[in-house]
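J.: Here it is, the structure, as structure tokens.
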Amino acid sequence: MRGAARRVVRAGTRAGGRGWSWPAVAAGVFGVLLLALAVRVPWAPWVRVDVDITATLVRVSAGDDALAGALRWVSVVCAPTVWRVLAVVAAAWLWWRARGGRGVGARDPDLMRRLATFVLVTVEVGGLVARLAKEVVRRSRPLVDDPVASAAGFSFPSGHAFGVVVAATVVLVVTGALTGRTARPVWWGIAAVVIAGTGFARVGLGVHYLSDVVAGYLLGVAWALGLAAWFRLPVAGSRDRARSGSLVGG
């Protein structure tokens with residue numbers, strides 16, 4: 001019975017991973033390409049909006065020391081390096097759980113190993129993807145009268161925005177794969193706040209334009225969901241819980 005149940009779960013996992021993930025990936029990539037084209041041409045109306053939004057937010061943060069300090073703190077805590085370190089720790093735990101025993105993942109070591117590999121590849125290699133995109137577009141950092149902070153390298157897309165979206169998507173995918181259900185609304189809310197706060201911080205500090213942040217979001221979603229589908233890891237729904245609970249529980 002366990003062997004048959006495992007085959008059913010894996011079949012459902014393949015179907016879930018390939019359902020709506022690939023259309024979302026295509027939409028994300030298309031959005032990034034449109035933004036990159038608008039930046040490279042450049043398309044004057046969009047560039048003007050970009051410049052105005054950044055200048056406005058920088059003026060606000062420059063006039064409020066507490067806000068500027070909070071934005072710097074958010075940028076440090078949500079830096080890509082932080083997510084890479086956490087990914088190594090999470091992947092190590094998932095791989096250790098694949099060895100067996102009791103608790104989460106004990107009855108499906110193959111799933112745990114795939115999750116561990118997914119976490120490592122998605123977060124660690126993702127940094128190279130964002131860096132490659134920067135080198136392709138080669139957009140300079142914003143020039144503002146009174147910058148709150150500075151950053152090296154190119155601006156498009158935002159590495160912070162990319163990294164935080166990838167991290168959030170990885171957490172939600174892993175949670176769905178382990179529990180057999182989508183994450184609770186509170187976790188979606190926390191993820192949304194962290195993602196929005198990171199993007200606001202990068203623009204408010206004057207180191208990115210709005211389109212850099214949006215492009216980072218879109219590219220991050222496309223990258224993380226694409227690898228989730230590649231590794232056959234769905235964002236499981238409640239209907240999957242009954243089928244997968246006997247394998248991932250303990």
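J.: Please turn the phi angles of the range 31-36 into ³J(HN,Hα) values with the Karplus equation 6.51 cos²θ - 1.76 cosθ + 1.60 (θ = phi - 60°), one per residue in order, whole Hz, x for glycine and proline.
T.: Once rounded to whole Hz, the list reads x, 5, 4, 4, 5, 4.
J.: First obtain the Kirkwood hydrodynamic radius of the range 85-208 from its Cα pairs, then insert it into the Stokes-Einstein equation at 4 °C and 1.567 mPa s, and state the resulting D in µm² per second as a whole number.
T.: Working: Rh = 16.3 Å.
The diffusion coefficient I find is 79 µm²/s.
J.: How much length would be gained if the chain were fully extended between E135 and I53, taking 0.36 nm per residue of separation minus their Cα-Cα distance, in nm to one decimal?
T.: 27.1 nm is the gain from fully extending E135 to I53.
J.: At what distance in angstrom do the alpha carbon centres of the range 32-94 and the range 117-132 lie from each other?
T.: First find each Cα centre; the distance between them is then 18 Å.
J.: Counting only the heavy atoms of the protein chains, how much of S75 is accessible to a 1.4 Å probe, in Å² to the nearest 10?
T.: 10
J.: Could I have the simple spin-label model distance between V193 and T117, label points 7 Å from Cα toward Cβ, reported in nm to one decimal?
T.: Placing both labels 7 Å beyond Cα along the Cβ direction yields 3.7 nm.
J.: Whenever you get a sec, line up H160, H208 from highest to lowest accessible area (probe 1.4 Å, protein heavy atoms).
T.: Numbers: H160 30, H208 0 Å².
Largest accessible area first, the list is H160, H208.
J.: How many percent of Cα pairs in the range 176-229 exceed 13 Å? If you can, show how the numbers build up before the last one.
T.: On the way: 981 of 1431 pairs.
Considering the range 176-229, 69 percent of its Cα-Cα pairs are separated by more than 13 Å.
J.: Using a 1.4 angstrom probe and counting only protein chains, how large is the accessible area of L218 in Å², to 10?
T.: 60
J.: A further question on this structure: Between A66 and V89, how many nm apart are label points set 7 Å from Cα along the C-beta direction?
T.: Result: 3.0 nm between the two label points.
J.: Stretched out fully, how many nm does the piece from V77 to S150 gain, at 0.36 nm a residue minus the Cα gap? Walk me through the numbers on the way to the answer.
T.: Values: separation 73, 0.36 × 73 = 26.28 nm, distance 1.66 nm.
Extending this stretch completely gives an extra 24.6 nm.
The values are calculated or read from the model by the stated rules, or taken from the named source; none is laboratory data. No experiment lies behind these values; they were computed from the predicted model shown. Glycine gets a Cβ as well: all are built from the backbone with ideal geometry, and neighbour counts include every protein chain shown. Surface accessibility is based on the protein's heavy atoms, side chains included, excluding ligands, DNA and RNA. Shrake-Rupley method; radii C 1.70, N 1.55, O 1.52, S 1.80 Å.
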